[in-house]
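Single-structure report; data block below.
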Amino acid sequence: FHGRSDFIGLVFSSHMLSHHFLFQEVMTSSSECTVYNSQHVIIDKMYALRVAAPYPKEADAGHDSNTNARNEAIKEDEEQGNQSGQDERMQHCGNPREEQGKKPLGGQMGKNTSPGALRRQATLPPDGFLTRMMVEEDIEEVATLCKEAFDAQNKLTNLKPEFPNGPPVAFYRQAHANPRIVTVVALSPTGDIVGCNTVSLQDDVAGIGPVAVHPSYWNRKLGRFVMDGVMEYVNERGLTCVMLQQVTNNPKSYALYARMGYLPVDTCLSIEGLVYSLIPLVEGYTFRPLSQADVPACAALYASLFPGFSRDHEIHDRIALLADDPEGTAFGVCDMEGKLVAYTTGLDLHGHVVAQSREAFQALLIASSRHVRARDPDSTGICFHLLGNIYPDQLDWMFNVARFKVMEMTTLMAKGGPVPRLPPNCEMVYCPSVTY
């Protein structure tokens, strides 16, 4: 069987001719075929097709040595063929960014041109990129970038849009106006804003997020670039603990944070909606919006949950921010003696919740839902993070009674320490913000 046309080869074993009829059909085109013996066929000197016929027990004593010799020859041919094929594939492997009309990455590739090395070097931040602090003129561009980045990621993971009402311009305006919050932007060599990251430096723990990179610049290590950018400000403040919320459906961001030293603390459910309208208010509690006069009581309630940690500045800033906002959701509930037993610095994911008990927590959610529904019947509702592992007893009430819905799952992660952790068998309730 030797030639350059399609063929059917019938291979017979002389040892088993009286007992077996062996048939092997091999199709090849424009290839050289070499038959080593009745046991093997080599096509293109790359693939060995062993005919499934065992040697009889009375085979000659030289069978093992002959087989080993043939196998060595086959292995050598396969290695040569695979290397040849790999070299040919590498020659035809173009730069996908060049093919898409994008500028190739800058920098020297070095002497290591293995596929793995090429992939690693191709994801380094391009030369000419830099980070700087966001200025007021950047706000709308940064907000648009953030929405586009999250919308693209959520579309890939079948999640609803992160910002259904448009770019989060208000968030970045508020962050820019607060001297204890810094937003860093990444600039391309042409001066375009292609990434951003925000860090809160208000209290004992630095809170990071949202982190966003324009979809056109994904997989180029710009996420790490903007993470390093905000860490400069964290280090300047001397903060030793940094926390963030990572969207569980995004394994790439989880891998990025893990490589940077962040460890998972707990899993959160991002919850949205309004408590079912027929559920009555919890008796014995009064509900009201928070004011600056409530800051000491809120700070004391937080400190009782996390001894040794302060969140005074954030509580002050959030209440001041939402006090004049007609759509603000900074609320508190008091017991019959007028003592504050639960509060939220905003039921919009940027605020956190602390309650002295499960009952006070439910009283806060029911009253807040009624307040929001009365103000805007078309509202999508309040939003908060629930630590599902810590409060499994609340899940039945959340979904079967209150009829909330889960938007997404997140992982609360921390780097450094000390990390504020809930005590075991905690009777109080804590819902972290979008940062911690």
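Regarding Gly110, is this residue at pLDDT below 85, of a type outside the set (Asp, Glu) and under 17 Å from Asn219 (Cβ atoms)? It would help to see each step written out before you state the result.
Details: at pLDDT below 85: yes; of a type outside the set (Asp, Glu): yes; under 17 Å from Asn219 (Cβ atoms): no.
No, not satisfied.
Among the residues in the stretch 307-314, are any in the same structural domain as Asp396 (by TED's automatic domain parsing), surrounded by 20 or more Cβ atoms within 10 Å (Cβ to Cβ) and either closer than 23 Å to Glu427 by Cα or under 36 Å from the mean Cα position of the chain (by Cα) (or both)?
Within the stretch 307-314, the first condition is being in the same structural domain as Asp396 (by TED's automatic domain parsing), and the residues that meet it are 307-314.
Then drop every residue that is not surrounded by 20 or more Cβ atoms within 10 Å (Cβ to Cβ), which leaves 311, 314.
Adding the requirement that they be either closer than 23 Å to Glu427 by Cα or under 36 Å from the mean Cα position of the chain (by Cα) (or both) leaves 311, 314.
Looking through the stretch 307-314, at least one residue is in the same structural domain as Asp396 (by TED's automatic domain parsing), surrounded by 20 or more Cβ atoms within 10 Å (Cβ to Cβ) and either closer than 23 Å to Glu427 by Cα or under 36 Å from the mean Cα position of the chain (by Cα) (or both).
Could you grab me the full set of residues in the stretch 306-323 that are part of a loop (DSSP other than H, G, I, E, B) and of a type outside the set (S, T, N, Q)? It would help to see each step written out before you state the result.
Kept after step one, since they are part of a loop (DSSP other than H, G, I, E, B), are these residues of the stretch 306-323: 306-311.
Selection gives Phe306, Pro307, Gly308, Phe309, Arg311.
Residues of the stretch 276-297 being touching a Leu at 6+ places or on another chain (Cβ under 7 Å) and either touching a residue at least 60 places away in the same chain (Cβ under 8 Å) or hydrophobic (A, V, I, L, M, F, W, C) (or both), which ones? Show your work before the answer.
First, pick out the residues of the stretch 276-297 that are touching a Leu at 6+ places or on another chain (Cβ under 7 Å): 294, 297.
Of everything in the stretch 276-297, just one residue is touching a Leu at 6+ places or on another chain (Cβ under 7 Å) and either touching a residue at least 60 places away in the same chain (Cβ under 8 Å) or hydrophobic (A, V, I, L, M, F, W, C) (or both), namely Ala297.
Just one of Val230, Val265, Val242, Val199 is outside any strand (DSSP E or B) and buried (at least 17 other Cβ atoms within 10 Å of the Cβ); which is it? Let's see the steps before the verdict.
Details: Val265 fails: outside any strand (DSSP E or B); Val242 fails: outside any strand (DSSP E or B); Val199 fails: outside any strand (DSSP E or B).
On inspection, the qualifying residue turns out to be Val230.
Can you tell me which residue within the stretch 337-350, out of those that are touching a Phe, Trp or Tyr at 6+ places or on another chain (Cβ under 8 Å) and not hydroxyl-bearing (Ser, Thr, Tyr), is surrounded by the most Cβ atoms within 10 Å (Cβ to Cβ)? Show your work before the answer.
We begin by selecting, within the stretch 337-350, every residue touching a Phe, Trp or Tyr at 6+ places or on another chain (Cβ under 8 Å); these are 341-344, 347, 349-350.
Restricting the remaining residues to those that are not hydroxyl-bearing (Ser, Thr, Tyr) gives 341-342, 347, 349-350.
Values: Val341: 23, Ala342: 28, Leu347: 26, Leu349: 22, His350: 24.
Filtering the stretch 337-350 for residues that are touching a Phe, Trp or Tyr at 6+ places or on another chain (Cβ under 8 Å) and not hydroxyl-bearing (Ser, Thr, Tyr), the one surrounded by the most Cβ atoms within 10 Å (Cβ to Cβ) comes out as Ala342.
Looking at the structure I just gave you, is Gly223 modelled with pLDDT under 95 and over 25 Å from Arg318 (Cβ atoms)? Break it down stepwise before answering.
Numbers: modelled with pLDDT under 95: yes; over 25 Å from Arg318 (Cβ atoms): yes.
So Gly223 fits the description; yes.
Could you list all residues from the stretch 211-243 that are touching a Phe, Trp or Tyr at 6+ places or on another chain (Cβ under 7 Å) and within 22 Å of Cys431 (Cβ to Cβ)?
Within the stretch 211-243, Met243 is the sole residue that qualifies.
Among the residues of the stretch 390-421, what is the count of those that are farther than 16 Å from Leu263 by Cα and either part of a loop (DSSP other than H, G, I, E, B) or among the basic types (Lys, Arg) (or both)? Walk me through how you get there before you give the answer.
Within the stretch 390-421, the first condition is being farther than 16 Å from Leu263 by Cα, and the residues that meet it are 390-409.
Imposing the further condition that a residue be either part of a loop (DSSP other than H, G, I, E, B) or among the basic types (Lys, Arg) (or both) reduces the set to 390-391, 402-405.
Qualifying residue count for the region: 6.
I'd like to check something: does the stretch 156-178 contain any residue that is over 30 Å from Asp324 (Cβ atoms) and assigned to a helix (DSSP H, G or I)? So that I can check it myself, show each step before the final result.
Within the stretch 156-178, the first condition is being over 30 Å from Asp324 (Cβ atoms), and the residues that meet it are 156-159.
Next, only the ones that are assigned to a helix (DSSP H, G or I) stay: 156.
Among the residues of the stretch 156-178, at least one is over 30 Å from Asp324 (Cβ atoms) and assigned to a helix (DSSP H, G or I), which makes the answer yes.
Could you look through the stretch 143-190, keep only residues that are among the hydrophobic types (A, V, I, L, M, F, W, C) and over 20 Å from the mean Cα position of the chain (by Cα), and pick out the one that is surrounded by the most Cβ atoms within 10 Å (Cβ to Cβ)? Before you say what the answer is, go through the steps one by one.
Residues of the stretch 143-190 among the hydrophobic types (A, V, I, L, M, F, W, C): 143, 145-146, 149-150, 152, 156, 159, 163, 169-171, 175, 177, 181-182, 184-187.
If we keep only those that are over 20 Å from the mean Cα position of the chain (by Cα) as well, we get 169-171, 175, 177, 181-182, 187.
Working: Val169: 16, Ala170: 15, Phe171: 20, Ala175: 20, Ala177: 11, Ile181: 19, Val182: 23, Leu187: 16.
This residue is Val182.
Taking Val275, is it aliphatic (A, V, I, L, M) and not in a loop (DSSP other than H, G, I, E, B)?
Working: aliphatic (A, V, I, L, M): yes; not in a loop (DSSP other than H, G, I, E, B): no.
No; evaluated as a whole, the condition is false for this residue.
Can you name every residue in the stretch 126-141 that is in contact (Cβ under 8 Å) with a residue 12 or more places away in the chain and of a type in the set (D, E, K, R)?
Residues satisfying the conditions are Asp127, Arg132, Glu136, Asp138, Glu140, Glu141.
Within the stretch 408-423, can one find any residue that is of a type in the set (A, V, I, L, M), within 23 Å of Phe287 (Cα to Cα) and not assigned by TED's automatic domain parsing to the domain that holds Asn154? Explain how you work it out, then say what you get.
Going through the stretch 408-423, the residues of a type in the set (A, V, I, L, M) turn out to be 409, 412-414, 419, 422.
When the remaining residues are screened for being within 23 Å of Phe287 (Cα to Cα), the result is none.
No.
If you scan the stretch 282-305, which residues turn out to be hydrophobic (A, V, I, L, M, F, W, C), in a loop (DSSP other than H, G, I, E, B) and out of contact with any strand residue (DSSP E or B) (no Cβ under 8 Å at 6 or more places or on another chain)? Working first, answer last.
We begin by selecting, within the stretch 282-305, every residue hydrophobic (A, V, I, L, M, F, W, C); these are 282, 287, 290, 293, 295, 297-301, 303, 305.
Then keep just the ones that are in a loop (DSSP other than H, G, I, E, B); that gives 282, 290.
If the condition is that a residue be hydrophobic (A, V, I, L, M, F, W, C), in a loop (DSSP other than H, G, I, E, B) and out of contact with any strand residue (DSSP E or B) (no Cβ under 8 Å at 6 or more places or on another chain), then Val282 is the only one that fits.
Please determine whether any residue of the stretch 184-202 is out of contact with any strand residue (DSSP E or B) (no Cβ under 9 Å at 6 or more places or on another chain), closer than 30 Å to Pro307 by Cα and of a type outside the set (S, T, N, Q).
No, there is no match, as no residue in the stretch 184-202 is out of contact with any strand residue (DSSP E or B) (no Cβ under 9 Å at 6 or more places or on another chain), closer than 30 Å to Pro307 by Cα and of a type outside the set (S, T, N, Q).
Listed here are the residues, each with its yes/no results for (1) touching a helix residue (DSSP H, G or I) at 6+ places or on another chain (Cβ under 9 Å); (2) at pLDDT 95 or above.
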residue: Phe331; (1), (2): yes, no
residue: Met336; (1), (2): no, no
residue: Thr344; (1), (2): yes, yes
residue: Val354; (1), (2): yes, yes
residue: Asp376; (1), (2): no, no
residue: Ile390; (1), (2): no, no
residue: Thr411; (1), (2): yes, yes
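The values are calculated or read from the model by the stated rules, or taken from the named source; none is laboratory data. Note that this is a predicted model, so its numbers are computed, not measured. Counting neighbours? That spans all protein chains shown, and the Cβs are built from the backbone with ideal geometry, glycine included.
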